[in-house]
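The values are calculated or read from the model by the stated rules, or taken from the named source; none is laboratory data. As the structure is a prediction and not an experimental result, all values here were calculated from the model. Here the Cβ is made from the backbone with ideal geometry for all residues, glycine too, and neighbour counts use every protein chain on show. Ligands, DNA and RNA are excluded from the accessible area calculation, which covers all protein heavy atoms including side chains. Shrake-Rupley method; radii C 1.70, N 1.55, O 1.52, S 1.80 Å.
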Amino acid sequence: MALTVAALALPTTGWAEKRTFDMTIEDTKITLVDKQQFHTFAFNGQVPGPLIHVKEGDELTVNVNNLTTLPHTIHWHGMLQKGTWRMDGVPDTTQAAIKPGDTFTYKFVAEPSGTMWYHCHVNVNEHVAMRGMWGPFIVDPKQPTPIEKKVTKDYIMMLSDWASKYAFKPGYGGVPGDVFDYFTLNGKAFPDSQPLRVNKGDVVRIRLIGAGELTHSIHIHGHVFKVAFKDGRPLPMPYEADTIMVGPGERYDLILTADNPGRWMVHDHVDSHTMNGDKPMGGLMTVIEYNEISRNDAFYAWKDKKFVPDFYYEESLKKPYGLHDAPGFKGQAVQ
């Protein structure tokens, strides 16, 4: 196995910590919903990839081992890479792509703070748009804003699109004219997604990440939220809305007060994105469930649904800083 390490001089930050993570890229089969499966190139064998949660200014070393049969890189979307431009993860520009069986070591400082993400930058049209090569990257600020200090529940939602025509044709797809017919929150389509369970009085932060090819119009029923951050940066004047357009690569942090007990739909208002193939009532949909409200109505789609915690990394975000796998997102190895 060849090991490639790019040399660089990291700046001294004084208060920051040094952290080292190991990641793999694996051929992995995941299930989007029901029986619809997909061949992905998954970070640590899961889609989305593991949560990387660090502090602003931390010095990161990430060893990436490519176990697939195709070349890959990792682009740290949102990181400015000041003085470390070779760590930006763009093949044929900042590095040679990581060949099958090889390892590449990224070293950089986590700055600026905010809701960021990471993804492959080789054949992004396929690897990112349809092979699940993305994960959340949250950098906590040294000085939080007043509005985020009030947050009691924190959720990450990565929005993505899939063309089932190429489900088991790795190396193909993501070209003009493709028809995307499955749409997911964190790699799952309704009703195989999970609810957001809150208590009355919670201050809820929802971090939306546009990880796919299409633009999504996310609408939350029963609440008005504040759009407080754009692409990781705090807005000087947060504004109120109930629907927000999220384009590819964009991030928006929404903050709302849970002040209206009930069960409230969260969905894409591009109506064709609430389909599973040719079946309605699927795709980019979930529900905000207040714990004060019974879930026993016979008509409720999730009446008997087994709740899987950490679907939105809400539990991982409470853990000490580091890299956190989410077992619920693990797929099956493709031999």
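Some notes on this structure:
Matching residues to (1) outside the structural domain of Phe137 (by TED's automatic domain parsing); (2) out of contact with any helix residue (DSSP H, G or I) (no Cβ under 7 Å at 6 or more places or on another chain); (3) acidic (Asp, Glu):
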site: Asp242; (1), (2), (3): yes, yes, yes
site: Ile255; (1), (2), (3): yes, no, no
site: Asp259; (1), (2), (3): yes, yes, yes
site: Asp268; (1), (2), (3): yes, no, yes
site: Asp278; (1), (2), (3): yes, yes, yes
site: Ala298; (1), (2), (3): yes, yes, no
site: Asp304; (1), (2), (3): yes, yes, yes
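- Condition check for Ile218: hydrophobic (A, V, I, L, M, F, W, C), part of a strand (DSSP E or B) and touching a Lys or Arg at 6+ places or on another chain (Cβ under 7 Å): no
- Where strands (runs of 3 or more DSSP E) fall entirely within the range 37-127, those with at least 1 residues that are touching an Asp or Glu at 6+ places or on another chain (Cβ under 7 Å) and closer than 17 Å to Gly249 by Cα are at 75-77, 114-119.
- Counting only strands (runs of 3 or more DSSP E) that sit completely within the range 232-335, those holding 1 or more residues that are exposed (fewer than 15 other Cβ atoms within 10 Å of the Cβ) and touching a strand residue (DSSP E or B) at 6+ places or on another chain (Cβ under 9 Å) correspond to 233-241, 243-246, 263-268, 322-324.
- Taking the range 45-94 as the range and being closer than 28 Å to Arg233 by Cβ and among the charged types (D, E, K, R) as the test, the residues that pass are Lys55, Glu56, Asp58, Glu59, Lys82, Arg86, Asp88.
- Screening the candidates Gly210, Gly222, Gly187 for the property of being open to solvent by 10 Å² or more (accessible area, probe 1.4 Å), touching a residue at least 24 places away in the same chain (Cβ under 8 Å) and not assigned by TED's automatic domain parsing to the domain that holds Trp117 yields one hit, Gly222.
- Candidates Val204, Val128, filtered to the one that is within 19 Å of the chain's Cα centre (by Cα) and outside the structural domain of Trp76 (by TED's automatic domain parsing): Val204
- Residue satisfying all of: in the range 149-184; open to solvent by 30 Å² or more (accessible area, probe 1.4 Å) and polar (S, T, N, Q); nearest to Leu254 (Cα to Cα) among these: Thr152
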